[in-house]
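Visitor: First the structure, which I've put down as structure tokens, then a few questions once you've had a look.
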Amino acid sequence: EGNTSGEPEANLKGRHFVGTIPKPLYPVQASGKVVVKVKVDGNGRVLEAVPGMEGTTVNDSKLWRAARVAAMESHFNVNNSPYDQYGTITYIFNLK
């Protein structure tokens, strides 16, 4: 059994989370950090999420999947840009 440590950290220039920040499920007995690359549109919707980016310290596919699902459910502030923006969200999983 475990939980995610603190709030997920977003690295997306000029953007921040809006509303409730989705936390990933914790489906396995493993711990570590999963960095997810996200593609966000001008309205703040996450269009793509790819786990396992540089800085990831765990290779468990279930944690990667959980981080991806949480990232896809995230919302960011609107920036009215016609271009999609790329950044990362970092999740830290700790065993209890």
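Visitor: Say the dipole of the stretch 31-95 comes from +1 at the beta carbon of Lys and Arg and -1 at that of Asp and Glu; which of Leu95, Phe76, Gly55 then lies farthest toward its positive end?
Guide: Sorting the options by dipole projection puts first Leu95.
Visitor: Which order, highest average first, do 69-75, 33-39, 7-13 follow once you tally other Cβ atoms within 10 Å for each residue and take the mean per peptide?
Guide: Numbers: 69-75: 18.7, 33-39: 21.4, 7-13: 15.3.
Result, highest mean first: 33-39, 69-75, 7-13.
Visitor: In addition: Using a ≥ b ≥ c from the Cα gyration tensor of the stretch 42-96 (square roots of the eigenvalues), is it rounded, prolate or oblate, where a/c under 1.5 gives rounded and otherwise the larger of a/b and b/c decides, a/b for prolate?
Guide: prolate
Visitor: Whole number in Å², please: accessible area per residue of the stretch 46-88, 1.4 Å probe, ligands, DNA and RNA not counted. Before the final figure, lay out the partial values.
Guide: Details: 2640 Å² over 43 residues.
With the other protein chains kept in place, the stretch 46-88 gives 61 Å² per residue.
Visitor: Still on this structure, I have one more. Quick one: dipole size for the chain, taken about the Cα centre, charges +1 on Lys/Arg Cβ and -1 on Asp/Glu Cβ, in debye to the nearest 20.
Guide: 40 debye
Visitor: Let me ask something else. At a temperature of 37 °C and a viscosity of 0.692 mPa s, determine how fast the chain diffuses translationally according to Stokes-Einstein, using the Kirkwood radius over alpha-carbon pairs as Rh; express D in µm²/s, rounded to the nearest whole number.
Guide: Details: Rh = 13.2 Å.
Rounded, D is 248 µm²/s.
The values are calculated or read from the model by the stated rules, or taken from the named source; none is laboratory data. Note that the coordinates shown come from a computational prediction; the quantities given were computed from them, not determined experimentally. Quick reminder, even Gly has a Cβ in these numbers, built from the backbone with ideal geometry, and neighbours come from all protein chains shown. Remember, those area values only see protein heavy atoms, side chains included, never the ligands or the DNA or RNA. Shrake-Rupley method; radii C 1.70, N 1.55, O 1.52, S 1.80 Å.
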